[in-house]
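Asks: Have a look at this one before I ask anything.
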Amino acid sequence: MDSLNSFTVFVQVAEVRSFVAAGRLLGVSASAVGKSVARLEEKLGVRLFHRSTRSVTLTAEGTLFLQRSRRILAEIEAAEQELSQATAAPRGRLRVSLPLVSSLVLPVLGEFMRQYPEIELDLDFSDRLVDVIEEGFDAVIRTGDPTDSRLSARRLGTFRSLLVASPDYLARQGIPKVPTDLLNHTCLHYRFPNSGKLEPWALRRATDEPELTLPTSMICNNIETRVCFAVQGLGIAYLPEFSIREPLADGRLQTILADYAERTGVFHILWPTSKHPSPKVRAFIDFLYARVFPASLDKPQAKSRRKDSR
(Lines give C-alpha, C1' and ligand atoms only; values in the text may rest on other atoms or scores of the structure.)
Protein backbone atom coordinates (compact mmCIF):
# COMPACT_ATOMS: atom_id res chain seq x y z
CA MET A 1 0.00 0.00 0.00
CA ASP A 2 2.97 2.32 0.59
CA SER A 3 3.94 1.81 -3.07
CA LEU A 4 0.41 2.66 -4.16
CA ASN A 5 0.53 5.82 -2.08
CA SER A 6 3.82 6.73 -3.79
CA PHE A 7 2.15 6.38 -7.19
CA THR A 8 -0.66 8.67 -6.07
CA VAL A 9 1.72 11.30 -4.72
CA PHE A 10 3.88 11.16 -7.86
CA VAL A 11 0.91 11.60 -10.20
CA GLN A 12 -0.43 14.49 -8.15
CA VAL A 13 2.94 16.31 -8.22
CA ALA A 14 3.26 15.67 -11.96
CA GLU A 15 -0.16 17.16 -12.62
CA VAL A 16 0.19 20.31 -10.51
CA ARG A 17 4.01 20.71 -10.89
CA SER A 18 4.38 21.71 -7.26
CA PHE A 19 5.17 19.85 -4.04
CA VAL A 20 3.30 22.45 -2.01
CA ALA A 21 0.15 22.33 -4.18
CA ALA A 22 0.24 18.54 -4.28
CA GLY A 23 0.53 18.36 -0.49
CA ARG A 24 -2.39 20.73 -0.11
CA LEU A 25 -4.58 18.55 -2.36
CA LEU A 26 -3.48 15.36 -0.61
CA GLY A 27 -3.79 16.78 2.87
CA VAL A 28 -0.12 16.35 3.80
CA SER A 29 2.89 18.67 4.10
CA ALA A 30 5.14 19.61 1.19
CA SER A 31 7.97 17.93 3.09
CA ALA A 32 6.07 14.64 3.22
CA VAL A 33 5.42 14.87 -0.52
CA GLY A 34 9.10 15.52 -1.21
CA LYS A 35 10.19 12.56 0.94
CA SER A 36 7.68 10.26 -0.82
CA VAL A 37 8.98 11.27 -4.25
CA ALA A 38 12.59 10.87 -3.11
CA ARG A 39 11.91 7.34 -1.80
CA LEU A 40 10.24 6.42 -5.09
CA GLU A 41 13.17 7.79 -7.12
CA GLU A 42 15.62 5.86 -4.93
CA LYS A 43 13.62 2.67 -5.36
CA LEU A 44 13.42 3.10 -9.16
CA GLY A 45 16.99 4.32 -9.52
CA VAL A 46 16.03 7.31 -11.69
CA ARG A 47 15.18 10.98 -11.27
CA LEU A 48 11.53 11.66 -11.96
CA PHE A 49 11.57 15.46 -11.62
CA HIS A 50 13.85 18.37 -12.35
CA ARG A 51 13.59 20.60 -9.27
CA SER A 52 14.34 24.30 -8.97
CA THR A 53 13.25 27.04 -6.60
CA ARG A 54 10.66 28.13 -9.15
CA SER A 55 9.38 24.98 -10.80
CA VAL A 56 9.10 21.21 -10.81
CA THR A 57 9.20 19.54 -14.23
CA LEU A 58 9.21 15.93 -15.34
CA THR A 59 12.32 14.22 -16.64
CA ALA A 60 12.08 11.97 -19.70
CA GLU A 61 11.91 8.99 -17.35
CA GLY A 62 9.28 10.78 -15.27
CA THR A 63 7.11 11.40 -18.34
CA LEU A 64 7.23 7.70 -19.24
CA PHE A 65 6.52 6.65 -15.65
CA LEU A 66 3.57 9.08 -15.45
CA GLN A 67 1.78 7.32 -18.32
CA ARG A 68 2.18 3.93 -16.63
CA SER A 69 1.20 5.29 -13.22
CA ARG A 70 -2.01 6.82 -14.53
CA ARG A 71 -3.01 3.51 -16.11
CA ILE A 72 -2.27 1.63 -12.88
CA LEU A 73 -4.35 4.01 -10.78
CA ALA A 74 -7.19 3.98 -13.33
CA GLU A 75 -7.31 0.18 -13.24
CA ILE A 76 -7.39 0.18 -9.44
CA GLU A 77 -10.20 2.74 -9.45
CA ALA A 78 -12.12 0.69 -12.02
CA ALA A 79 -11.70 -2.48 -9.96
CA GLU A 80 -12.98 -0.70 -6.84
CA GLN A 81 -15.97 0.62 -8.78
CA GLU A 82 -16.75 -2.80 -10.21
CA LEU A 83 -16.65 -4.43 -6.79
CA SER A 84 -18.80 -1.74 -5.20
CA GLN A 85 -21.39 -2.03 -7.98
CA ALA A 86 -21.40 -5.80 -7.76
CA THR A 87 -22.64 -5.58 -4.18
CA ALA A 88 -25.01 -2.64 -4.74
CA ALA A 89 -28.72 -3.35 -5.11
CA PRO A 90 -30.24 -2.28 -8.45
CA ARG A 91 -32.29 0.85 -7.85
CA GLY A 92 -33.22 4.20 -9.36
CA ARG A 93 -34.91 5.46 -12.53
CA LEU A 94 -34.33 3.40 -15.67
CA ARG A 95 -35.24 5.12 -18.93
CA VAL A 96 -35.83 2.67 -21.78
CA SER A 97 -36.90 3.11 -25.40
CA LEU A 98 -38.80 0.17 -26.91
CA PRO A 99 -40.37 -0.57 -30.30
CA LEU A 100 -44.14 -0.74 -30.72
CA VAL A 101 -44.26 -4.47 -29.97
CA SER A 102 -45.85 -4.53 -26.55
CA SER A 103 -46.95 -8.15 -26.92
CA LEU A 104 -43.29 -9.18 -26.91
CA VAL A 105 -42.02 -7.27 -23.89
CA LEU A 106 -44.91 -6.28 -21.61
CA PRO A 107 -45.20 -9.63 -19.77
CA VAL A 108 -41.44 -9.65 -19.20
CA LEU A 109 -41.42 -6.04 -18.00
CA GLY A 110 -44.14 -6.89 -15.50
CA GLU A 111 -41.99 -9.68 -14.10
CA PHE A 112 -39.04 -7.29 -13.95
CA MET A 113 -41.01 -4.77 -11.90
CA ARG A 114 -42.00 -7.45 -9.40
CA GLN A 115 -38.43 -8.69 -9.03
CA TYR A 116 -36.83 -5.21 -8.85
CA PRO A 117 -39.30 -2.95 -7.00
CA GLU A 118 -36.62 -0.32 -6.31
CA ILE A 119 -36.11 0.33 -10.04
CA GLU A 120 -38.46 2.95 -11.51
CA LEU A 121 -39.19 2.07 -15.15
CA ASP A 122 -39.61 5.02 -17.52
CA LEU A 123 -40.76 3.40 -20.79
CA ASP A 124 -40.98 5.13 -24.16
CA PHE A 125 -42.67 3.02 -26.87
CA SER A 126 -41.75 4.28 -30.32
CA ASP A 127 -40.34 3.05 -33.62
CA ARG A 128 -38.53 6.37 -33.95
CA LEU A 129 -34.75 6.01 -34.16
CA VAL A 130 -33.79 7.69 -30.88
CA ASP A 131 -30.33 9.05 -30.04
CA VAL A 132 -29.59 7.01 -26.94
CA ILE A 133 -26.77 9.24 -25.69
CA GLU A 134 -28.23 12.67 -26.47
CA GLU A 135 -31.73 11.82 -25.25
CA GLY A 136 -30.53 10.24 -22.02
CA PHE A 137 -31.79 6.68 -22.42
CA ASP A 138 -30.26 3.97 -20.23
CA ALA A 139 -31.11 1.26 -22.76
CA VAL A 140 -33.06 0.68 -25.98
CA ILE A 141 -34.51 -2.40 -27.66
CA ARG A 142 -34.45 -2.40 -31.44
CA THR A 143 -34.61 -4.70 -34.44
CA GLY A 144 -31.80 -4.97 -36.97
CA ASP A 145 -28.03 -4.83 -36.61
CA PRO A 146 -26.47 -2.21 -34.28
CA THR A 147 -24.70 0.65 -36.08
CA ASP A 148 -23.86 3.18 -33.33
CA SER A 149 -20.25 2.68 -32.19
CA ARG A 150 -21.02 4.51 -28.93
CA LEU A 151 -23.32 1.69 -27.81
CA SER A 152 -22.78 -1.81 -26.51
CA ALA A 153 -25.21 -4.46 -27.73
CA ARG A 154 -26.51 -7.88 -26.80
CA ARG A 155 -28.66 -10.01 -29.06
CA LEU A 156 -31.95 -10.97 -27.43
CA GLY A 157 -33.04 -13.38 -30.16
CA THR A 158 -34.43 -13.82 -33.63
CA PHE A 159 -37.96 -14.15 -34.96
CA ARG A 160 -39.73 -14.88 -38.24
CA SER A 161 -42.83 -13.34 -39.74
CA LEU A 162 -45.87 -15.23 -41.03
CA LEU A 163 -48.72 -14.55 -43.42
CA VAL A 164 -51.96 -15.10 -41.52
CA ALA A 165 -55.71 -14.74 -41.87
CA SER A 166 -58.77 -15.92 -39.97
CA PRO A 167 -60.54 -19.16 -40.95
CA ASP A 168 -63.69 -17.09 -41.57
CA TYR A 169 -61.90 -14.78 -44.04
CA LEU A 170 -60.33 -17.71 -45.89
CA ALA A 171 -63.68 -19.51 -46.09
CA ARG A 172 -65.21 -16.42 -47.72
CA GLN A 173 -62.34 -15.32 -49.96
CA GLY A 174 -60.45 -18.54 -50.61
CA ILE A 175 -56.98 -19.69 -49.56
CA PRO A 176 -54.08 -18.20 -51.57
CA LYS A 177 -51.93 -20.95 -53.11
CA VAL A 178 -49.17 -18.75 -54.61
CA PRO A 179 -48.11 -15.14 -53.90
CA THR A 180 -49.85 -13.76 -57.01
CA ASP A 181 -53.17 -14.87 -55.49
CA LEU A 182 -52.71 -12.08 -52.94
CA LEU A 183 -53.53 -9.56 -55.68
CA ASN A 184 -57.17 -10.54 -55.24
CA HIS A 185 -57.21 -10.32 -51.46
CA THR A 186 -57.56 -7.68 -48.76
CA CYS A 187 -54.03 -6.91 -47.46
CA LEU A 188 -53.39 -5.20 -44.10
CA HIS A 189 -50.17 -3.16 -44.27
CA TYR A 190 -47.66 -1.49 -41.96
CA ARG A 191 -46.17 1.97 -42.63
CA PHE A 192 -42.68 2.84 -41.31
CA PRO A 193 -43.02 5.98 -39.14
CA ASN A 194 -39.58 7.32 -40.10
CA SER A 195 -39.79 7.02 -43.89
CA GLY A 196 -43.54 6.85 -44.46
CA LYS A 197 -43.00 3.86 -46.75
CA LEU A 198 -44.98 0.64 -46.61
CA GLU A 199 -43.20 -2.39 -45.24
CA PRO A 200 -42.67 -4.79 -48.14
CA TRP A 201 -43.91 -8.34 -47.83
CA ALA A 202 -40.83 -10.54 -48.23
CA LEU A 203 -42.06 -13.40 -50.43
CA ARG A 204 -39.93 -15.98 -52.17
CA ARG A 205 -39.96 -15.50 -55.96
CA ALA A 206 -37.97 -16.47 -59.01
CA THR A 207 -34.95 -14.34 -59.93
CA ASP A 208 -36.65 -12.86 -63.00
CA GLU A 209 -40.03 -12.47 -61.30
CA PRO A 210 -41.00 -8.85 -60.42
CA GLU A 211 -41.97 -7.86 -56.89
CA LEU A 212 -45.70 -7.84 -56.35
CA THR A 213 -47.59 -4.58 -55.85
CA LEU A 214 -50.17 -5.72 -53.34
CA PRO A 215 -53.56 -4.11 -52.65
CA THR A 216 -53.44 -1.61 -49.78
CA SER A 217 -56.78 -2.22 -48.15
CA MET A 218 -55.65 -0.88 -44.77
CA ILE A 219 -52.47 0.84 -43.52
CA CYS A 220 -51.39 1.44 -39.91
CA ASN A 221 -48.21 1.96 -37.91
CA ASN A 222 -48.49 -0.74 -35.24
CA ILE A 223 -48.81 -4.48 -34.82
CA GLU A 224 -51.87 -4.63 -32.59
CA THR A 225 -54.21 -3.11 -35.20
CA ARG A 226 -53.21 -5.64 -37.85
CA VAL A 227 -53.58 -8.54 -35.41
CA CYS A 228 -57.02 -7.29 -34.35
CA PHE A 229 -58.29 -6.79 -37.91
CA ALA A 230 -56.92 -10.13 -39.08
CA VAL A 231 -58.63 -11.93 -36.18
CA GLN A 232 -61.89 -10.15 -37.10
CA GLY A 233 -61.67 -11.60 -40.61
CA LEU A 234 -60.93 -8.28 -42.31
CA GLY A 235 -57.92 -9.39 -44.35
CA ILE A 236 -54.46 -10.95 -44.57
CA ALA A 237 -51.52 -9.63 -42.53
CA TYR A 238 -47.78 -10.31 -42.47
CA LEU A 239 -46.88 -10.40 -38.78
CA PRO A 240 -44.01 -11.44 -36.48
CA GLU A 241 -44.77 -14.80 -34.92
CA PHE A 242 -44.41 -13.57 -31.32
CA SER A 243 -47.38 -11.22 -31.84
CA ILE A 244 -49.80 -13.96 -32.94
CA ARG A 245 -48.90 -16.96 -30.77
CA GLU A 246 -52.25 -17.03 -28.96
CA PRO A 247 -54.57 -16.56 -31.96
CA LEU A 248 -52.59 -19.21 -33.85
CA ALA A 249 -52.76 -21.60 -30.90
CA ASP A 250 -56.52 -21.20 -30.37
CA GLY A 251 -57.37 -21.24 -34.08
CA ARG A 252 -58.48 -17.64 -34.53
CA LEU A 253 -55.73 -17.25 -37.13
CA GLN A 254 -54.02 -19.67 -39.46
CA THR A 255 -50.91 -19.40 -41.60
CA ILE A 256 -50.94 -19.23 -45.38
CA LEU A 257 -48.21 -19.38 -48.03
CA ALA A 258 -45.80 -20.75 -45.40
CA ASP A 259 -43.34 -21.87 -48.07
CA TYR A 260 -43.12 -18.34 -49.48
CA ALA A 261 -42.79 -16.19 -46.34
CA GLU A 262 -39.10 -15.28 -45.97
CA ARG A 263 -38.86 -12.47 -43.45
CA THR A 264 -36.75 -12.94 -40.33
CA GLY A 265 -35.61 -10.35 -37.81
CA VAL A 266 -33.41 -9.92 -34.77
CA PHE A 267 -33.85 -7.94 -31.56
CA HIS A 268 -30.94 -6.33 -29.71
CA ILE A 269 -30.75 -4.47 -26.44
CA LEU A 270 -28.31 -1.55 -26.61
CA TRP A 271 -26.88 0.74 -23.94
CA PRO A 272 -24.18 3.45 -23.69
CA THR A 273 -20.77 1.80 -23.73
CA SER A 274 -19.16 1.61 -20.30
CA LYS A 275 -16.69 -0.75 -18.66
CA HIS A 276 -19.03 -1.02 -15.71
CA PRO A 277 -22.76 -0.57 -16.40
CA SER A 278 -24.75 0.43 -13.34
CA PRO A 279 -26.47 -2.36 -11.38
CA LYS A 280 -29.91 -1.33 -12.68
CA VAL A 281 -28.78 -1.47 -16.33
CA ARG A 282 -26.94 -4.75 -15.84
CA ALA A 283 -29.99 -6.28 -14.13
CA PHE A 284 -32.28 -5.13 -16.95
CA ILE A 285 -30.01 -6.52 -19.69
CA ASP A 286 -29.62 -9.90 -18.01
CA PHE A 287 -33.32 -10.17 -17.19
CA LEU A 288 -34.51 -9.48 -20.75
CA TYR A 289 -31.83 -11.70 -22.25
CA ALA A 290 -33.05 -14.67 -20.23
CA ARG A 291 -36.77 -14.15 -20.84
CA VAL A 292 -37.70 -12.38 -24.09
CA PHE A 293 -36.52 -15.23 -26.34
CA PRO A 294 -35.68 -17.93 -23.77
CA ALA A 295 -35.50 -20.77 -26.33
CA SER A 296 -33.59 -18.91 -29.05
CA LEU A 297 -30.97 -21.17 -30.58
CA ASP A 298 -28.71 -18.41 -31.87
CA LYS A 299 -27.72 -16.99 -28.49
CA PRO A 300 -24.00 -17.17 -27.60
CA GLN A 301 -22.79 -19.42 -24.85
CA ALA A 302 -22.66 -18.31 -21.21
CA LYS A 303 -19.04 -17.13 -21.40
CA SER A 304 -19.83 -14.69 -24.20
CA ARG A 305 -22.96 -13.48 -22.41
CA ARG A 306 -21.00 -12.55 -19.31
CA LYS A 307 -18.49 -10.67 -21.40
CA ASP A 308 -21.19 -8.75 -23.28
CA SER A 309 -23.08 -7.66 -20.20
CA ARG A 310 -20.24 -6.05 -18.35
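Asks: Percent of alpha carbon pairs in the range 1-126 separated by more than 24 Å? Numbers along the way, then the final one.
Replies: Working: 4029 of 7875 pairs.
I get 51 percent for the Cα pairs in the range 1-126 exceeding 24 Å.
Asks: Right, something else. Using a 1.4 angstrom probe with every protein chain in place, what is the largest-first accessible-area order of Glu246, Glu262?
Replies: Numbers: Glu246 140, Glu262 105 Å².
Descending accessible area places them as Glu246, Glu262.
Asks: Now, a different point. Below 8 Å between Cα atoms, with a sequence gap of 6+, how large is the relative contact order for the chain in percent?
Replies: Values: 453 pairs, mean separation 68.6, N = 310.
Computed value for the chain: 22 percent relative contact order.
Asks: How many nm is it between the label spots at His50 and Arg24, if each spot is 7 Å from the Cα in line with the beta carbon?
Replies: Roughly 2.5 nm, to one decimal.
Asks: Let me ask something additional. Once the other residues with Cβ under 14 Å from the Cβ of Leu58 are scored (Lys, Arg +1; Asp, Glu -1), what is the net sum?
Replies: Spelling it out: positives minus negatives among the neighbours equals +2.
Asks: Still on this structure: Around Leu58, which amide H atoms from residues at least 5 apart in sequence, or from another chain, sit under 5 Å from its own amide H, with H modelled in the peptide plane?
Replies: His50
Asks: Explain nothing, just compute: Karplus ³J(HN,Hα) = 6.51 cos²θ - 1.76 cosθ + 1.60, θ = phi - 60°, for every residue of the range 156-161 in order, whole Hz, x for Gly and Pro.
Replies: 7, x, 10, 8, 10, 10
Asks: What percentage of the solvent-accessible surface of the range 103-249, computed with a 1.4 Å probe over protein heavy atoms, is contributed by carbon and sulfur atoms?
Replies: Details: 3910 of 7840 Å².
That fraction is 50 percent.
Asks: Further question on the same structure: Which order do Asp250, Asp122 take by accessible area at a 1.4 Å probe, largest first?
Replies: On the way: Asp250 90, Asp122 45 Å².
Reading off the accessible areas and sorting them downward yields Asp250, Asp122.
Asks: Write down the Kirkwood hydrodynamic radius of the range 90-129, to one decimal in angstroms, obtained as one divided by the mean of 1/r over all alpha carbon pairs.
Replies: So the Kirkwood estimate lands at 10.8 Å.
Asks: Something else about it: Can you spot the aspartates and glutamates whose alpha carbon is less than 14 Å from Lys177's alpha carbon? Ignore those fewer than 8 places along the same chain.
Replies: Correct list for Lys177: Asp259.
Asks: Work out from phi, with θ = phi - 60° and the Karplus expression 6.51 cos²θ - 1.76 cosθ + 1.60, the ³J(HN,Hα) of each residue of the range 250-257, listed in order in whole Hz, and give x for Gly and Pro.
Replies: Coupling constants for the range 250-257: 9, x, 6, 10, 9, 7, 9, 6 Hz.
Asks: I'm checking a number: the convex hull volume of the Cα atoms of the range 142-297, normalised per residue, in Å³. What is it?
Replies: Details: hull volume 23.2 nm³, N = 156.
About 149 Å³ per residue, rounded to a whole number.
Asks: If you don't mind, there's one more thing I want to ask. Tally Lys/Arg at +1 and Asp/Glu at -1 over every other residue whose Cβ is under 15 Å from the Cβ of Thr180; what's the total?
Replies: -2
Asks: Which whole-number value in Å³ per residue fits the convex hull of the alpha carbons of the chain? If you can, show how the numbers build up before the last one.
Replies: On the way: hull volume 63.1 nm³, N = 310.
In the chain, the Cα hull volume divided by residue count equals 204 Å³.
Asks: Between the range 277-295 and the range 109-127, what is the separation of their alpha carbon centroids in Å?
Replies: 12
Asks: On to the next question. Counting only heavy atoms of the protein chains, get the accessible area per residue of the range 66-169 (1.4 Å probe) and round it to a whole Å² value.
Replies: Values: 5720 Å² over 104 residues.
So the range 66-169 comes to 55 Å² accessible per residue, rounded to a whole number.
Asks: Could you sort 189-198, 11-20 so that the peptide with the highest average Cβ count within 10 Å comes first and the rest follow in order? Can you show the working numbers first?
Replies: Working: 189-198: 12.9, 11-20: 18.0.
Top to bottom by mean Cβ count within 10 Å: 11-20, 189-198.
Asks: If we sort 209-219, 168-178 on the protection proxy, mean other Cβ atoms within 10 Å, highest first, what's the order? Kindly include the intermediate steps, with their values, before the conclusion.
Replies: Values: 209-219: 12.6, 168-178: 14.2.
Sorting 209-219, 168-178 by mean packing, highest first, produces 168-178, 209-219.
Asks: Turning to a different aspect of this structure: Could you list log10 I(q)/I(0) for the range 190-248 at q = 0.21, 0.22, 0.23 Å⁻¹, which the Debye formula gives when each Cα is one point scatterer?
Replies: -0.93, -0.99, -1.05
Asks: Further question on the same structure: Please list 3J(HN,Hα) in residue order for the range 191-208, calculated via the Karplus relation 6.51 cos²θ - 1.76 cosθ + 1.60 where θ = phi - 60°; whole Hz, with x for glycine and proline.
Replies: Result, ordered by residue: 10, 5, x, 6, 9, x, 8, 6, 6, x, 8, 6, 10, 4, 8, 5, 4, 8 Hz.
The values are calculated or read from the model by the stated rules, or taken from the named source; none is laboratory data. Nothing here was measured: the structure is a model prediction, and the numbers come from that model. Counting neighbours? That spans all protein chains shown, and the Cβs are built from the backbone with ideal geometry, glycine included. Protein only, heavy atoms only, side chains kept; ligands, DNA and RNA dropped before computing areas. Shrake-Rupley method; radii C 1.70, N 1.55, O 1.52, S 1.80 Å.
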